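> To start, I am sharing the structure in question, which I have written as structure tokens.
The values are calculated or read from the model by the stated rules, or taken from the named source; none is laboratory data. Small disclaimer: the values here were computed from a predicted structure and weren't measured. Backbone-built Cβ (ideal geometry, glycine too); neighbour counts: all protein chains shown.
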Amino acid sequence: MSRPGVATRAKPMDALENLFTGLSARVASADLHSMSVQAIDPSAGTVNCVHLADGKLVQLSGRIGREELAALRLALLTPLFDYCRDVVIDAGDVVAVDDEAVAVLVAAEEWATYAGARLLLSRAAPVLEQALADLDFANRIPRLTELGAQSPRPALVPVAD
């Protein structure tokens with residue numbers, strides 16, 4: 001109930017509805033084919049999964065704990081689509097990680113291998129690297145950088161007749 005001369009606060013759901021209405025109106029008028037918007041709370045964890053033509057990218061950020069386990073399992077432990085050859089995890093923005101989340105990452109590596117794909121860690125925050133080391137899993141998940149560290153392949157050179 002509003003009183004004259006006294007400011008009233010909008011209900012949280014009304015403010016959210018107004019925000020989405022405004023965004024959808026702007027997106028509709030912009031004539032865009034595809035758009036992705038993500039709001040991140042740095043104190044909470046985020047699991048974001050992007051499917052690509054031949055694999056998927058799983059981005060982890062913030063605090064990866066119990067609240068994020070369901071999303072982490074969904075992103076990493078569900079059956080892979082037909083042409084999925086690589087699952088790449090970007091965990092460079094993780095600020096804290098629980099042992100249970102590390103267990104899901106290790107299980108995901110086994111699951112990907114069993115399904116005929118590769119699971120690779122592209123970036124890992126120091127806190128994740130430490131958790132992997134503490135649990136004796138430091139070398140369990142291959143790193144994307146290790147692929148470039150291999151000796152160069154021999155080049156095919158045409159021979160003149």
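> From the list L128, L144, L135, which residue is at pLDDT below 90, out of contact with any Phe, Trp or Tyr (no Cβ under 7 Å at 6 or more places or on another chain) and within 26 Å of V95 (Cβ to Cβ)? Give the derivation first.
Working: L128 fails: at pLDDT below 90; L135 fails: at pLDDT below 90.
The match here is L144.
> Go through the range 60-92 and report how many residues are of a type outside the set (V, I, T), touching a Gly at 6+ places or on another chain (Cβ under 8 Å) and part of a strand (DSSP E or B).
Residues meeting the conditions: 5.
> Here is a list: E109, E68. Which entry is crowded, with 19+ Cβ neighbours inside 10 Å, among the acidic types (D, E) and under 13 Å from T46 (Cα atoms)?
E68
> Please state which of the following conditions L57 fails to meet, knowing it meets all the rest: (1) outside any helix (DSSP H, G or I); (2) surrounded by fewer than 16 Cβ atoms within 10 Å (Cβ to Cβ).
Only one criterion in (1) outside any helix (DSSP H, G or I); (2) surrounded by fewer than 16 Cβ atoms within 10 Å (Cβ to Cβ) is unmet by L57, namely (2).
> Quick one: T113 ticks every box in (1) without any contact (Cβ under 8 Å) to a residue 12 or more places away in the chain; (2) over 23 Å from A138 (Cβ atoms); (3) β-branched (V, I, T) except a single one, so which number is it?
(2)
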